[in-house]
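Engineer: Got a structure for you, questions after.
The values are calculated or read from the model by the stated rules, or taken from the named source; none is laboratory data. The shown structure was predicted, so the numbers you read here are calculated from the model rather than taken from an experiment. With ideal geometry, Cβ positions are generated from the backbone for all residues, glycine too; neighbour counts draw on all protein chains shown.
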Amino acid sequence: MRKIFDIIANNAVPAVFIIISAFAIPLSGYSASYLVQELLTRIGRNSFLILSLLIPIMAGMGLNFGMVLGAMAGQIGLLFICDWGIVGIPGMVLACLIGTPIAIVLGIFCGHVLNRAKGREMVTSYILGFFINGVYQMTVLYLMGWIIPITNPTLLLSRGYGVRNAVSLLGIRGILDNLIPTIITGTQGTAQFVNINGGKSFIMMQLPFLEGSIRIPLATLIVIALFCIFIVWFRKTKLGQDMRAIGQSQSVADSAGIPVNRTRIIAIVISTVLACYGQIIYLQNMGTLNTYNSHDQAGMFSIAALLIGGASVSKATIANVFAGVILFHLMFIVAPVAGKNLIGDAQIGEYFRVFVSYGIIAIALVLHAWRRNREREAARRSLRGNKGDE
Amino acid sequence: MGNNPLLRLEHIGKEYYGNRVLSDISFDINAGEIIGLVGENGAGKSTLLNILFGMPVIASTGGYEGSIQIDGRKVSFTSPNQALAHGIGMVHQEFSLIPGFTAAENILLNREVLNASSMRYIFSERVSTLDREAMNGRARSAIHTLGVNISPDMIVSEMPVGYKQFIEIAREIDRKNTRLLFLDEPTAVLAESEAEILITALKKLAASGIAIVFISHRLSEVKELCGRILVLRDGRLITDQPSYTLSTRQIASLMVGRESVRREETPEVTETVSTETDAPKKKKKIRPALKVEHLWVDMPGETVRDVSFEVMKGEIFGIGGLAGHGKLAIPNGIMGLYPAGGTVKTFGKKLTLNKPRAALGKKMAFVSEDRRGVGLLLDEPLDWNITFTAMQTQGRFLVGIPYIFQMRNDLAMRKEARKFIDQLSIKCTGPSQKAGELSGGNQQKVCLAKAFVLRPDILLICEPTRGIDIGAKTLVLDTLKQYNKENGTTIIITSSELEELRSVCNRIAIVDEGKIAGILPASNPAEDFGMLMMGQVRNEEEGEFSA
């Protein structure tokens, strides 16, 4: 009985999402190929950001709400390449190169702060995100175009300094997604796609039972796959092993001579730098940068997706990331339309999206605390002697 | 090496803030020797270990006296890592294992076998991957040395407790340069059969040239394993002799010492108690004030598993034993401060456990060992502190209509506080002084006053004299005795100081490894209690008493 209960309790969040989606998909009336297309796009867009959360979890630092620091670093890189007019893959690479040192500095700062707030990493990094947001806004709103040279008038506010809220990333839009154009198409879809692509060469696969066609962001998926391989490799290294040790018991790791604080800082730095790349990949897919908002929700939605994928504050796998992206975004895609078809109001979907992502984080945190208490109790039960089971 | 011993201590001494805890400790340890180190709590064992391991606490409190030599060369460690580098290994009483790791991962923690990787030239060694095969191999051979069969792939959290101890020791063995191994109570968590395996394994280790210092309170094991026994008492080395020249009883009496100290007075209440036990006809039936049956209490670090005893009305009952064996858990469990089970009856009526309110409602009062944490509201004035529990549980010191509108009766509170300040001669500026500003001894008196205000039938007191000076100690103990005499209150005192218990109690129960080892009249010689503390009663052979 306890076992069944455990299985349900451990997978409650993904299960709820599967059930909701199972109802909402038919209600939305979307075709399978549309849903697959949308999901593929969103996997490409979001996975990298979510994957950047894994390493701090491994090091026992919980969900790194501080990943927005990395996202801001990435955005600063993007602003510079827009100003300098560098486009395409070189532009993206340059944005990464500019973002990396900023992310490293922010990561080191964040790591030092978190080392002073052991056991309260999540709330600290969350609030730290607000603080750095303030610094970022000051930089972007006042310093850019004034002290930091930004010359492109399309970027600047009409007053002459400060960056506009909406920045078009046309130069790098979809550049990674379409680097290796790939489509899967049903029998009827070929001609239609050749038209769209203007006669350029592309990889094409045919699936006879498919209706319509699906573009695959192959290069992005390859980057993500490489990242997954990196994480798998990282777990096998000494550094990864040290992080796992610290994650389970800081005091034991410390007494074994593992440099606890340093390792924790490394974990946060890696996460911040990866979040910086993740945000660049995310924005190249979106094609526009909301200077003052884009990073805001990067953290919240990534964390929600990871938790929905079945991860917890102390344990997360690569499988959780992809399960989370699929379930979370499937909900996003179908919920507004399902809501509209059901109630006649598309707002309900948007409401749902926000409600669900915050709600899920709350539930996951509560579940985590509850489970940890229960485990502690179970661990102590053996000490309660022969009468302990009453 | 030559004729130099592996480790030589010369005139080691240590003071903490003018409080002498170690004086003039000198002994040698040779390679391959097994030495038993025994002593009561506070005898100075842990301070000695801290000095040997270069724990920061030693340096930060002014260092130590005397010198330590390894292979004839003088050393002075400032961090545990230096001690490790010199081949001194330590297995702690608490497990320092990572629960989610396998045996191999734990044994080789931070000493993992790494694959060669070109990346290490760019970054550091830490980016090399682990060579799991080689790690498992090394772990297996370390475990094998101990003569047990544990798979290196087994996750530590899924292991029985005994296995964990072996993993800890295997970790020290794997360290190639380990030459001297300290084991702090390694058998405390082991079943008898496991302890036997461990002892065999340690003998094998010693034969391979590693010196072992075995710290245990189980004297029979110490005697069986060790070639030499060192007894520490009150910071002095009392004896250093081959174990075959000592019987366990002799060891116990050396540890407890003070055989010559006779009890000066016998509290009169003993009469009532002895009538109960020796001559039941005189009084037909005395109901016990407190009857505890199969009590278990889950108090971290002080768990008791199965405790049964009876306390008669008007008795002063002592609970003693070594720290960590569970004596504190008994009163805390009865009062409902930690999860507990079993049956507790007061004057024949069953007490609801796990509800402090229920215990307070039965006219029981409690003085916690955690004076500043549980005992007092440090930022509140004395009169509040003294009357607080009475106000909350008995509705006293209030004016107004119960359940509808009630207010504090400050006047009555202050009056009551003044009464106790005079009675117990609490040194303070007045009832409105904050409790946190008083000295330890006076705070303890406030705690007692707080309990007395409740007019309890049963008073439970934990460590009444911990951390207070000698004068206050006598006063506190005398107050208790007097209170018992005047009001006939049943008092249960838990203390780690046996002499203190012997001076006030009628009977004393000794707790050992979560169980009552025995209950003896306080007039018994100290070494009897020592034997109980050392777990000698259960596996004691009659012959050894006479030896």
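Engineer: Can you tell me which residue among B:Glu369, B:Glu380, B:Glu310 is free of Cβ contacts under 8 Å to residues at least 24 places away in the same chain, away from chain A (no Cβ under 13 Å), surrounded by fewer than 24 Cβ atoms within 10 Å (Cβ to Cβ) and among the acidic types (Asp, Glu)? First the steps, then the outcome.
Structural biologist: Working: B:Glu369 fails: free of Cβ contacts under 8 Å to residues at least 24 places away in the same chain; B:Glu380 fails: free of Cβ contacts under 8 Å to residues at least 24 places away in the same chain.
After applying the criteria, what remains is B:Glu310.
Engineer: I'm trying to understand the selection: among the residues of segment B:322-338, which are in contact with a Phe, Trp or Tyr (Cβ under 9 Å, 6 or more places away or on another chain) and either in contact (Cβ under 8 Å) with a residue 60 or more places away in the chain or within 14 Å of another protein chain (Cβ to nearest Cβ) (or both)? Break it down stepwise before answering.
Structural biologist: Of all residues in segment B:322-338, those in contact with a Phe, Trp or Tyr (Cβ under 9 Å, 6 or more places away or on another chain) come to B:329-335, B:337.
If the condition is that a residue be in contact with a Phe, Trp or Tyr (Cβ under 9 Å, 6 or more places away or on another chain) and either in contact (Cβ under 8 Å) with a residue 60 or more places away in the chain or within 14 Å of another protein chain (Cβ to nearest Cβ) (or both), then B:Ala329, B:Ile330, B:Pro331, B:Asn332, B:Gly333, B:Ile334, B:Met335 are the ones that fit.
Engineer: Only one of B:Phe388, B:Phe366 is within 25 Å of the chain's Cα centre (by Cα), within 23 Å of B:Asn484 (Cα to Cα) and not in a loop (DSSP other than H, G, I, E, B); which? Before the answer, list the steps.
Structural biologist: Numbers: B:Phe388 fails: within 25 Å of the chain's Cα centre (by Cα).
On inspection, the qualifying residue turns out to be B:Phe366.
Engineer: Now for a separate question. So for segment B:151-167 (the condition being out of contact with any Cys (no Cβ under 9 Å at 6 or more places or on another chain) and farther than 21 Å from A:Ser249 by Cα), does at least one residue qualify? Before you say what the answer is, go through the steps one by one.
Structural biologist: Going through segment B:151-167, the residues out of contact with any Cys (no Cβ under 9 Å at 6 or more places or on another chain) turn out to be B:151-167.
With farther than 21 Å from A:Ser249 by Cα added as a condition, the list becomes B:151.
Yes, because at least one residue in segment B:151-167 is out of contact with any Cys (no Cβ under 9 Å at 6 or more places or on another chain) and farther than 21 Å from A:Ser249 by Cα.
Engineer: So if I check each of A:Gly129, A:Gly74, which one is within 25 Å of the chain's Cα centre (by Cα) and farther than 15 Å from A:Gly287 by Cα? Outline the logic, then answer.
Structural biologist: Details: A:Gly74 fails: farther than 15 Å from A:Gly287 by Cα.
Selected residue: A:Gly129, the only one of A:Gly129, A:Gly74 that is within 25 Å of the chain's Cα centre (by Cα) and farther than 15 Å from A:Gly287 by Cα.
Engineer: Moving to a separate point now. Is it the case that A:Ser314 is modelled with pLDDT under 90 and of a type in the set (S, T, N, Q)?
Structural biologist: On the way: modelled with pLDDT under 90: yes; of a type in the set (S, T, N, Q): yes.
Yes: the conditions hold for A:Ser314.
Engineer: Given the residues A:Arg116, A:Arg159, A:Arg164, which is the only one that is modelled with pLDDT of 90 or more and over 23 Å from the mean Cα position of the chain (by Cα)?
Structural biologist: Details: A:Arg159 fails: modelled with pLDDT of 90 or more; A:Arg164 fails: modelled with pLDDT of 90 or more.
Matching residue, one of A:Arg116, A:Arg159, A:Arg164: A:Arg116.
Engineer: Among (1) of a type in the set (Lys, Arg); (2) in a helix (DSSP H, G or I); (3) modelled with pLDDT under 90, which single condition is A:Lys200 missing?
Structural biologist: (2)
Engineer: Right, another one. Within segment B:176-184, is there a residue that is more than 14 Å from B:Gly89 (Cα to Cα) and either out of contact with any His (no Cβ under 6 Å at 6 or more places or on another chain) or touching a residue at least 60 places away in the same chain (Cβ under 8 Å) (or both)? Spell out how you get there, then give the answer.
Structural biologist: Within segment B:176-184, the subset more than 14 Å from B:Gly89 (Cα to Cα) is none.
No, segment B:176-184 has no match at all.
Engineer: Another question, then. Is it the case that segment B:116-137 has a residue that's under 32 Å from the mean Cα position of the chain (by Cα), at pLDDT 80 or above, at the interface with another protein chain (Cβ under 10 Å from one of its Cβ atoms) and in a helix (DSSP H, G or I)?
Structural biologist: no
Engineer: Take segment A:298-350 and flag every residue that is hydroxyl-bearing (Ser, Thr, Tyr) and either in contact with an Asp or Glu (Cβ under 9 Å, 6 or more places away or on another chain) or buried (at least 22 other Cβ atoms within 10 Å of the Cβ) (or both). Show your work before the answer.
Structural biologist: If we filter segment A:298-350 for residues that are hydroxyl-bearing (Ser, Thr, Tyr), which is where we start, we get A:302, A:312, A:314, A:317.
Matches in segment A:298-350: A:Ser302 only.
Engineer: Sticking with this structure for a sec: Take the conditions free of Cβ contacts under 8 Å to residues at least 24 places away in the same chain and either closer than 30 Å to A:Leu79 by Cβ or basic (Lys, Arg) (or both) and apply them to A:Lys315. Does it pass?
Structural biologist: Details: free of Cβ contacts under 8 Å to residues at least 24 places away in the same chain: no; either closer than 30 Å to A:Leu79 by Cβ or basic (Lys, Arg) (or both): yes.
For A:Lys315, the condition - free of Cβ contacts under 8 Å to residues at least 24 places away in the same chain and either closer than 30 Å to A:Leu79 by Cβ or basic (Lys, Arg) (or both) - is not met.
Engineer: Is it the case, given these coordinates, that B:Ser124 is more than 26 Å from B:Leu225 (Cβ to Cβ), of a type in the set (Ser, Thr, Tyr) and touching a helix residue (DSSP H, G or I) at 6+ places or on another chain (Cβ under 9 Å)? Steps first, answer last, please.
Structural biologist: On the way: more than 26 Å from B:Leu225 (Cβ to Cβ): yes; of a type in the set (Ser, Thr, Tyr): yes; touching a helix residue (DSSP H, G or I) at 6+ places or on another chain (Cβ under 9 Å): yes.
For B:Ser124, the condition - more than 26 Å from B:Leu225 (Cβ to Cβ), of a type in the set (Ser, Thr, Tyr) and touching a helix residue (DSSP H, G or I) at 6+ places or on another chain (Cβ under 9 Å) - is met.
Engineer: A follow-up question, please. For segment B:396-482, please list each of the strands (runs of 3 or more DSSP E) lying entirely inside it that holds at least 2 residues being among the β-branched types (Val, Ile, Thr), buried (at least 21 other Cβ atoms within 10 Å of the Cβ) and at pLDDT 85 or above.
Structural biologist: Values: elements: B:398-401, B:405-408, B:458-462.
Correct list: B:458-462.
Engineer: Here's something else I'd like to know. Cβ contacts < 6 Å: first residue farther than 10 Å from B:Val38 by Cβ, restricted to segment B:223-240; second residue of a type in the set (S, T, N, Q) and surrounded by fewer than 19 Cβ atoms within 10 Å (Cβ to Cβ), any location; separation 6+ or different chain. Result?
Structural biologist: B:Gly235/B:Ser23; B:Arg236/B:Ser23
Engineer: Still on this structure, please answer the following. Can you tell which of A:Leu283, A:Leu221 is surrounded by fewer than 23 Cβ atoms within 10 Å (Cβ to Cβ) and part of a helix (DSSP H, G or I)?
Structural biologist: Step by step, each of A:Leu283, A:Leu221 is checked, and only A:Leu221 is surrounded by fewer than 23 Cβ atoms within 10 Å (Cβ to Cβ) and part of a helix (DSSP H, G or I).
The rows are residues; the columns are (1) within 14 Å of chain B (Cβ to nearest Cβ); (2) under 13 Å from A:Leu54 (Cβ atoms); (3) in a helix (DSSP H, G or I); (4) more than 21 Å from the chain's Cα centre (by Cα).
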site	(1), (2), (3), (4)
A:Arg235	yes, yes, yes, no
A:Ala245	yes, no, yes, yes
A:Val269	yes, no, yes, no
A:Ser314	yes, yes, no, no
A:Asn320	no, yes, yes, no
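Engineer: Do the conditions hold for B:Val161, that is, is it at pLDDT below 85 and crowded, with 17+ Cβ neighbours inside 10 Å? Before you say what the answer is, go through the steps one by one.
Structural biologist: On the way: at pLDDT below 85: yes; crowded, with 17+ Cβ neighbours inside 10 Å: no.
Criteria not met by B:Val161.
Engineer: May I pose another question? Among the numbered conditions (1) modelled with pLDDT under 85; (2) outside the structural domain of B:Gly36 (by TED's automatic domain parsing), tell me where B:Leu219 comes up short.
Structural biologist: Status for B:Leu219: all satisfied but (2).
Engineer: Residue by residue through segment B:35-63, note down the ones that are within 16 Å of B:Tyr17 (Cβ to Cβ) and polar (S, T, N, Q).
Structural biologist: B:Thr47, B:Asn50, B:Ser60, B:Thr61
Engineer: Quick check on segment B:348-366: of everything there that is touching a residue at least 24 places away in the same chain (Cβ under 8 Å) and surrounded by 16 or more Cβ atoms within 10 Å (Cβ to Cβ), which residue is nearest to B:Phe452 (Cα to Cα)?
Structural biologist: Within segment B:348-366, the first condition is being touching a residue at least 24 places away in the same chain (Cβ under 8 Å), and the residues that meet it are B:348, B:357, B:359-366.
Filter once more, keeping what is surrounded by 16 or more Cβ atoms within 10 Å (Cβ to Cβ): B:359-360, B:362-366.
On the way: B:Ala359: 15, B:Leu360: 12, B:Lys362: 14, B:Lys363: 11, B:Met364: 10, B:Ala365: 8, B:Phe366: 10 Å.
Out of the qualifying residues, it is B:Ala365.
Engineer: Do we find that B:Val91 is within 14 Å of chain A (Cβ to nearest Cβ), on the phi < 0 side of the Ramachandran plot, in contact (Cβ under 8 Å) with a residue 40 or more places away in the chain and among the β-branched types (Val, Ile, Thr) in this structure?
Structural biologist: yes
Engineer: Oh, and also: Can you pull out every residue in segment A:248-266 that is more than 7 Å from chain B (Cβ to nearest Cβ) and either among the basic types (Lys, Arg) or closer than 17 Å to B:Glu112 by Cα (or both)?
Structural biologist: Going through segment A:248-266, the residues more than 7 Å from chain B (Cβ to nearest Cβ) turn out to be A:250-251, A:253-254, A:259-266.
Result: A:Ala253, A:Asp254, A:Pro259, A:Val260, A:Arg262, A:Thr263, A:Arg264.
Engineer: Moving to a separate point now. Just need a number here: residues in segment B:483-497 that are within 22 Å of B:Arg305 (Cα to Cα) and either at pLDDT below 90 or touching a His at 6+ places or on another chain (Cβ under 6 Å) (or both).
Structural biologist: Initially, segment B:483-497 is screened for residues within 22 Å of B:Arg305 (Cα to Cα), giving B:492-496.
Checking the rest, the ones that are also either at pLDDT below 90 or touching a His at 6+ places or on another chain (Cβ under 6 Å) (or both) come to B:495-496.
Residues in segment B:483-497 being within 22 Å of B:Arg305 (Cα to Cα) and either at pLDDT below 90 or touching a His at 6+ places or on another chain (Cβ under 6 Å) (or both): 2 in total.
Engineer: With respect to B:Ser193, determine if the residue is in contact (Cβ under 8 Å) with a residue 40 or more places away in the chain, of a type in the set (S, T, N, Q) and surrounded by fewer than 23 Cβ atoms within 10 Å (Cβ to Cβ).
Structural biologist: On the way: in contact (Cβ under 8 Å) with a residue 40 or more places away in the chain: no; of a type in the set (S, T, N, Q): yes; surrounded by fewer than 23 Cβ atoms within 10 Å (Cβ to Cβ): yes.
No, not satisfied.
Engineer: Identify, from the list B:Arg171, B:Arg140, the residue that is more than 28 Å from the chain's Cα centre (by Cα), touching a residue at least 12 places away in the same chain (Cβ under 8 Å) and either surrounded by fewer than 14 Cβ atoms within 10 Å (Cβ to Cβ) or assigned to a helix (DSSP H, G or I) (or both). Please lay out each step first, then the result.
Structural biologist: Details: B:Arg171 fails: more than 28 Å from the chain's Cα centre (by Cα).
Only one candidate passes the filter, namely B:Arg140.
Engineer: Residues B:Ala43, B:Ala59: which one is modelled with pLDDT under 85, of a type outside the set (Phe, Trp, Tyr) and surrounded by 21 or more Cβ atoms within 10 Å (Cβ to Cβ)? So that I can check it myself, show each step before the final result.
Structural biologist: Numbers: B:Ala59 fails: surrounded by 21 or more Cβ atoms within 10 Å (Cβ to Cβ).
So the residue among B:Ala43, B:Ala59 that is modelled with pLDDT under 85, of a type outside the set (Phe, Trp, Tyr) and surrounded by 21 or more Cβ atoms within 10 Å (Cβ to Cβ) is B:Ala43.
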